[in-house]
1. Kindly express, to the nearest 10 degrees and within the range 0 to 90, the angle between helix 202-214's C-alpha long axis and the longest C-alpha principal axis of the chain.
2. Can you give the Rg to Rh ratio for the chain, taking only C-alpha atoms and Rh from Kirkwood?
3. Quick check: from the Cα gyration tensor, does segment 62-185 come out rounded (a/c under 1.5), prolate or oblate?
4. Report, to the nearest 10°, how far helix 255-277 tilts away from the longest principal axis of the Cα atoms in the chain, using its own Cα long axis and a range of 0 to 90°.
5. So if each residue of separation counts as 0.36 nm, and I subtract the Cα-Cα distance between residue 66 and residue 14, what length gain in nm does that give?
6. On C-alpha positions alone, give me the angle between the axis of helix 291-307 and the longest principal axis of the chain, in degrees, nearest 10.
7. In percent, what relative contact order does the chain have, based on Cα pairs under 8 Å that are 6 or more apart in sequence?
8. Calculated FRET efficiency, residue 244 and residue 173, Cβ-Cβ r, R0 51 Å, to nearest 0.05?
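Nothing in this text is a laboratory measurement; each read-out follows from the coordinates by a stated rule. Fair warning: this is a prediction, and the values are worked out from it, not measured in the lab. Every residue, glycine as well, gets a Cβ built from its backbone with ideal geometry; the counts of neighbours run over all protein chains shown.
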């Protein structure tokens, strides 16, 4: 039995995200993610203004009138939602945690997909894949996907982004649009805050490179403002890693906090540079800003590029 609070939350997200899809996203989604081609639907009588190249001469000869062929876009696309459920997603100093933002965005994408008759699947991961919901169509299935995201209790607290991508490669036989929701945080080794150290593991670059050969991978990097920069003047701070439990005592009054913030900026920059170098479109989201604006901007950028 699903708890009453969870049912209310699912209903609230359904109403909110459905409105966003209908009012702002449906057209963008359809324009950006096109189907595999055109499929024949029917013939009808020629009307002034129709393209004469569509005339079906065989049918026209039999019926002693002019008929044209009508085609519809053959979509049958698959959208995979890869959702990071590691413990760092529970962090949030604004209105929502990173995990809550990921759940809402996943719902928006899922409702956009079913509105265009596409299939939606779900991969929930930590440092391993903990849940897989095979792709299907329909509103009932999307509500199940949202329920899984909101109610899931992960076994592990840690993250392994490559494990999720490797799993997608195994189960995703056909081309899919894969939205990967994560903060893309990798734990520093031995508390190392050296800004010259590689910010992302080589294995992630390898798996991203392989994934994009087959799938349209779209990383959605979700961050909290306090993760991006800790303000000066807060005195001694005890920072806890939600995934490992490790703590770091840091002086937020001077050079030490500057070094920490520089380290965080370098990691974020290296992540974005990796995606650009591999030609992977990505979306950066903050918990203190409306995600819908960044999502629409992403679709607009893609539409412009496709028109070139």
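1. That works out to roughly 10 degrees.
2. Values: Rg = 23.2 Å, Rh = 21.6 Å.
Here Rg/Rh amounts to 1.07.
3. Numbers: a/c = 3.17, a/b = 2.26, b/c = 1.40.
The shape class here is prolate.
4. Helix 255-277 and the main axis of the chain meet at about 20 degrees.
5. Details: separation 52, 0.36 × 52 = 18.72 nm, distance 4.69 nm.
14.0 nm is the gain from fully extending residue 66 to residue 14.
6. That helix lies at roughly 50 degrees to the long axis.
7. Values: 494 pairs, mean separation 56.5, N = 308.
Reported relative contact order: 18 percent.
8. Details: r = 36 Å, r/R0 = 0.70.
The formula returns an efficiency of 0.90 here.
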